[in-house]
1. Hey, if you put +1 on the Cβ of every Lys and Arg and -1 on every Asp and Glu Cβ in the range 8-200, which of 145, 106, 183 ends up farthest toward the positive end of that dipole?
2. What does the helix-only formula give at 222 nm for the chain: each DSSP H stretch with n ≥ 4 adding -39500 (n - 2.57), the total divided by the residues, and the result rounded to the nearest 500 deg cm²/dmol?
3. Give the residue list of GluC sites (Glu not before Pro) in the range 219-275 that are DSSP loop and have at most 14 other beta-carbon atoms within 10 angstrom.
4. When the dipole is taken about the Cα centre of the range 208-274, and only Lys, Arg (+1) and Asp, Glu (-1) are charged at their Cβ, what size is it in debye, to the nearest 20?
5. What distance in nm lies between label points placed 7 Å from Cα along the C-beta direction at residue 209 and residue 173?
6. Can you tell me which of 84-94, 198-208, 138-148 comes out highest on packing, and rank the rest after it, using the mean Cβ neighbours within 10 Å?
7. Name the long-range amide H neighbours of residue 178: under 5 Å, sequence gap of 5 or more, or other chain; modelled H, no Pro or chain starts.
8. How far is it, in nm, from the label point at residue 273 to the one at residue 88 when both lie 7 Å from their Cα along the line to the Cβ?
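No value in this document is a laboratory result; all are computed from the given coordinates. Not measured: the values here are computed from a predicted model. Using ideal geometry, Cβ is built from the backbone for each residue, glycine included, and neighbour counts are taken over all protein chains shown.
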Amino acid sequence: MNLKPLHVRELLQQYNLHPKKSLGQNFLADHNALLKVVEAAEIEPGERVLEIGAGLGGLTRLLAVRAGSVTAVEIDAAFFPVLEAVTAPFTNVNLVEGDILTYPMTALFDSDGYKVVANIPYYITSVVIRHLLEAEVKPGRIVLTMQREVAERIVNRGEKMSLLSLSVQVYGTARIAGHIPAACFYPRPKVDSSVLVIDLHDRKVITSDEVRQLFRLAHAAFNQKRKMLRNSLQPVLGGDSDSVSDILEKAGINPQGRPETLTLEEWLRLVEIVK
């Protein structure tokens, strides 16, 4: 099916809709940019796709052409009339009203391996990624548009680690499939975006218990990231700063370091010692 580009401003005017700043609604209006996002997903016939924040349906219909089924979740009920109209030609689209962060993933999919493709608001980038990575029913690939600076920090191991980039490395491998200028969105955001692709590991790198332990330590460290590790980890490791220093040194970690300097491998060594 050869789809013609949607005209975002005309659709908004036609349905008397206005982008809500409170929901971070910046619609990807450029047709070629939308195709770039879809291409990054490498969708095969018959595959299941989850779209978060369907908006006006511009991305939804392009996904529907390629996928076996598309589950499009949209939090703003005001957009359902236009969504229903735009996706009417497709029988493989399931529109769901709700907040993806509170909607049970098991109610949307009964098994792992679906793909997530979405243009998400910048302000929920971190929480959405962690929600997907830690979901009971996990995707095989996640493709998201996000602030370019955030995407580059996730994939660049030479940069300072964040709790988000650590989470991604635990569950999968990330790469940037391309960049999207701010001019491709309406309303236009202040920064450019990137298309981030996360391929989740087929097998767990560490056990579920080790994951819980890792993030218990990491949350404690990053919640006080200005403190030295021997101090920020003291509440979870117990004892005094000297005993915590001994544990860190056994893991080959500088007790005076900060959490953003640690690699995934160092976190894993620490988990191995304290478990």
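1. Of the options given, the answer is 183.
2. Working: 12 runs with 105 residues, N = 275.
Theoretical 222 nm ellipticity from helices: -10500 deg cm²/dmol.
3. Details: sites: 249, 260, 265, 266, 272; in loops: none.
Those that pass, being in a loop and sparsely packed, number zero.
4. Numbers: 9 positive and 10 negative charges, 69 e Å.
That gives a dipole near 340 debye.
5. That separation, rounded to one decimal, is 2.9 nm.
6. Values: 84-94: 15.3, 198-208: 13.0, 138-148: 22.3.
Result, highest mean Cβ count within 10 Å first: 138-148, 84-94, 198-208.
7. 195
8. 6.5
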